[in-house]
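First up is the structure itself, then whatever we jot down about it.
The values are calculated or read from the model by the stated rules, or taken from the named source; none is laboratory data. These numbers come from a predicted model, not from an experiment. Positions of Cβ are generated from backbone atoms using ideal geometry, with glycine treated the same way; all protein chains shown enter the neighbour counts. With ligands, DNA and RNA removed, areas are computed over all heavy atoms of the protein, side chains included. Shrake-Rupley method; radii C 1.70, N 1.55, O 1.52, S 1.80 Å.
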Amino acid sequence: QVQLVESGGGLVQAGGSLRLSCAASGRTFSNFAMGWFRQAPGKEREFVAAFSWSGGSTYYADSVKGRFTISRDNAKNTVYLQMNSLKSEDTAVYYCAARPRYRNYGDHHDYDYWGQGTQVTVSS
């Protein structure tokens, strides 16, 4: 089992920045690969960013590439999502998730464990 707790969401003006954190407990990062997803009202949950199985590579949705950065601190069992140059269309509930290492990074169905989500609202 893995427990995930997100924090760091809030209200920010367009062009601003936020850093989301995801603290994991239970089984360690070595057994799972981590990712971030988001879901806006009335929309499907969509992929934002993720680590590869090895952790050596990162992947991003085209909509956030160049603005968002996923990172992690293994000693703290924490994954981060640094979000810069935020836009109103980034408004959503953001979730971190953990998937077994042999699954694909971009499909939320491949993730077994989810946090409760944190709201990010970008005002224009």
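Worth a mention:
- In Å², nearest 10: area of Ser123 left accessible to a 1.4 Å probe: 40
- The mean of 1/r over all distinct Cα pairs in the chain, once inverted, gives the Kirkwood hydrodynamic radius of 14.2 Å.
- Charge context of Asp110, other residues only, Cβ under 9 angstrom, K/R +1, D/E -1: 0
- Once the 1.4 Å probe is applied to the protein heavy atoms, the chain comes out at 50 Å² accessible per residue.
- Selected from Gly8, Thr58, Ser30, residue furthest toward positive end of dipole (the chain; charges at beta carbon): Ser30
- HN-Hα J in Hz across the range 79-96 - Karplus 6.51, -1.76, 1.60, θ = phi - 60°, x for Gly and Pro: 10, 10, 9, 7, 10, 10, 6, 5, 10, 4, 6, 7, 4, 4, 8, 9, 10, 9
- The amide H of Gly10, built 1.01 Å from its N in the peptide plane, has Val120, Thr121 as neighbours under 5 Å, considering only residues 5 or more places off or on other chains.
- Label-zone membership for the range 64-79, site Gln3, 7 angstrom Cα→C-beta point, backbone N under 20 Å: 73-79
- A cut-off of 5 Å between modelled amide H atoms, ignoring neighbours fewer than 5 places along the same chain, links Gly16 with Leu86.
- Under 5 Å from the amide H of Gly117 lie the amide H atoms of Glu6, Cys96, each residue being 5 or more positions distant or on a separate chain, with H modelled from the backbone and absent for Pro and chain starts.
- Whole-percent carbon and sulfur share, accessible surface of the range 6-47, 1.4 Å: 47
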